[in-house]
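A short reminder: the numbers here are calculations on the coordinates, not readings from a lab. In this text the structure is predicted, and so the values were computed from the model without any measurement. Note that each Cβ is placed from the backbone with ideal geometry, even for glycine, and that neighbours are counted across all protein chains shown.
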Amino acid sequence: MRFHLSVEDLSSYMEGNVTDREREKIRIHLDECRLCREKYDLLMDLENYLRDEDYIDSDFTERVIYSLKNGKHSNNRNKNIKRKYGVLKPVFSAILIFVFVGAAFYFGSKYDTFRRNAADEPGNQPTVQATQAPVKTDSTTEKINPERVTLYFPDPYAEYVVPEYRTAALAKDYESLELFIFRQLQEGPEEQGKVPVIPEGTKLLSVEVKDGICYLNLSREFVENNPGGSAYETVLINSIVNSYTELPQIEKVQFLIEGEKREVYSHMVFDEPFERNESIIRTAEKTPEPEENRIRELGIKVLTAFKNKDMQELSRYVHPEKGVRFSPYTYVETDKDVVISREDIITLLDGNKVYNWGFYDGSGDPIELTPEKYIERFVYDRDFLNADEIIYDEQFDRGNTINNVFEVYKGCHVIEYYLEGTPEYDGMDWRSLKLVFEEKDGYWYLVGVLHDEWTI
């Protein structure tokens with residue numbers, strides 16, 4: 001919930017007339033907001049009095065307000081309030097609303113006075129950054145209380161968005177939650193295993209909430225610096241939309257680029273408001289189990305990226321620290337094999353740079369190829385997506401080359417794609433491709449691409 005809870009909010013919560021999601025939001029707000037907790041406690045007190053007693057003093061309202069102002073309303077259940085006159089519950093409800101309206105004005109004015117006094121002190125004046133955007137909203141956009149904000153960031157595989165939580169101390173910067181959410185998304189995730197969501201250089205030009213729609217006006221860098229890939233594009237948009245629709249006053253998000261609607265954002269329709277997508281939020285139930293299933297799924301994604309020569313997509317699965325090693329044959333030479341970092345994978349096919357990938361079997365000549373030619377010859381040289389056999393974490397020695405994969409990659413998972421040879425060559429033209437995955441922060445990343453074939 002945002003800011004202070006109303007009497008209607010609290011009444012609905014107590015009566016059970018809220019959804020599970022609303023109930024959780026109200027519960028969290030009550031844990032963190034002292035003023036709303038005090039109102040809730042008083043409401044519970046009064047309801048219990050109504051249930052247990054039959055009379056109200058003629059000066060009941062006056063004494064309750066007095067108790068509110070003097071902080072005596074919390075633990076005085078059967079001492080300060082006695083009822084002597086029978087009343088109907090609707091009458092009591094009217095009195096109750098009056099009490100809470102008065103309390104809201106009192107506490108609200110008291111906090112405003114505190115905020116103004118604090119702001120006048122040296123060093124407490126708000127700082128307005130150059131990137132701050134104007135914010136308009138048709139809701140009551142107060143800027144005083146800390147809020148627990150839920151943000152969403154893509155997982156490394158661009159399959160789901162994963163929640164992360166922040167506390168927005170809005171009194172510090174006198175900003176809105178809408179602006180705070182964008183700033184936090186822009187700064188990126190704090191937890192391991194998640195990736196940034198806002199394209200580099202993107203500025204928030206303005207944000208406006210109207211009739212349940214958040215109009216997010218972004219600079220052209222949001223489009224121009226889009227990392228690409230339909231899968232990532234989907235989680236990028238849903239990360240932003242789901243973060244904003246956590247606010248109760250926002251149901252949809254309309255993206256604007258330099259103040260204008262854009263028909264398409266690379267791969268998806270972009271000129272209509274986006275609704276919240278619950279199905280893309282990663283939960284424990286959506287985490288593939290066992291690990292073998294996860295590795296098999298990743299293997300297909302990696303092979304598809306190699307087949308399409310989509311290095312941007314491939315980079316999502318490369319180990320963020322160790323990168324990925326390429327070996328033309330199944331014997332891994334840790335001191336000679338080419339290792340490419342995740343960052344360099346993205347631009348690996350750009351240009352005509354020649355690498356020394358090792359030595360050809362038989363001739364001993366150096367394998368000097370561009371990355372594109374190497375992939376064609378020593379990675380996806382056969383249709384491994386339609387392999388005759390897929391082998392998980394088992395070692396098979398088919399040729400003459402020493403297989404040291406499990407010695408080098410201890411604690412890793414290896415999935416092998418094997419294609420049988422043809423009768424024309426007595427089966428000796430078989431091919432194999434091994435993908436090696438290593439775990440980091442609960443995710444499995446590609447660390448090895450090992451080609452295998454018959455050797456002399």
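Can you give the extra length, in nm with one decimal, that the chain gains between D426 and F359 once fully stretched, where that is 0.36 nm per residue apart less the Cα-Cα distance?
Working it through step by step, the gained length comes to 21.6 nm.
So what are the ³J(HN,Hα) numbers for the stretch 180-187, from phi and the Karplus equation (6.51, -1.76, 1.60; θ = phi - 60°), rounded to whole Hz, Gly and Pro as x?
Coupling constants for the stretch 180-187: 4, 4, 4, 4, 6, 4, 5, 5 Hz.
Taking the Cβ of A231 as the centre, find all other residues whose Cβ is under 15 Å away and add up their charges (Lys, Arg: +1; Asp, Glu: -1).
Result for the neighbourhood of A231: -3.
Which FRET efficiency value, to the nearest 0.05, is calculated for V269 and E191 with the Förster distance at 51 angstrom and r the Cβ-Cβ distance?
After rounding, the FRET efficiency stands at 0.95.
Please list the non-local residues whose amide H lies under 5 Å from the amide H of L256, H modeled 1.01 Å from N, same-chain partners needing a gap of 5 or more.
Close amide H contacts, sequence-distant or interchain: L216, N217, L218.
Just flag the GluC sites (Glu not before Pro) in the stretch 329-370 sitting in loop per DSSP whose Cβ has no more than 15 other Cβ atoms within 10 Å.
Here the sparse-neighbourhood loop sites are E333.
Can you list the HN-Hα couplings for the stretch 239-248, worked out from phi with the Karplus curve (6.51, -1.76, 1.60; θ = phi - 60°), rounded to whole Hz and with x for Gly and Pro?
For the stretch 239-248, the Karplus-derived couplings read 4, 5, 4, 5, 5, 6, 6, 5, 6, x Hz, x marking Gly and Pro.
Of the GluC sites (Glu not before Pro) in the stretch 403-454, which ones lie in a loop per DSSP and count no more than 16 other C-beta atoms within 10 Å?
Filter output for the stretch 403-454: E420.
Taking the Cβ-Cβ separation of D41 and N17 as r and a Förster radius of 25 Å, what is the calculated FRET efficiency to the nearest 0.05?
Step by step, r from the Cβ atoms, then E = 0.80.
Give me the distance in nm between label points sitting 7 Å out from Cα along the Cα-to-Cβ direction at E368 and E297, one decimal.
4.4 nm
If eta is 1.306 mPa s and T is 10 °C, what Stokes-Einstein diffusion coefficient results for the stretch 288-453, Kirkwood Rh from Cα pairs, in µm²/s?
Value of D from the Cα-based Kirkwood radius: 98 µm²/s.
State whether the stretch 391-456 is rounded, prolate or oblate according to the following rule on the C-alpha gyration tensor (a ≥ b ≥ c being the square roots of its eigenvalues): a/c under 1.5 gives rounded; otherwise a/b larger than b/c gives prolate, and the remaining case gives oblate.
Verdict is prolate for the stretch 391-456.
So, in nm, how far is label I390 from label R262 when the simple model puts each one 7 Å beyond its Cα toward the Cβ?
According to this spin-label approximation, the distance is 3.6 nm.
Once amide H atoms are built 1.01 Å from N in the peptide plane, which residues 5 or more positions from N225, or in another chain, come under 5 Å H to H?
Residues meeting the amide H criterion: none.
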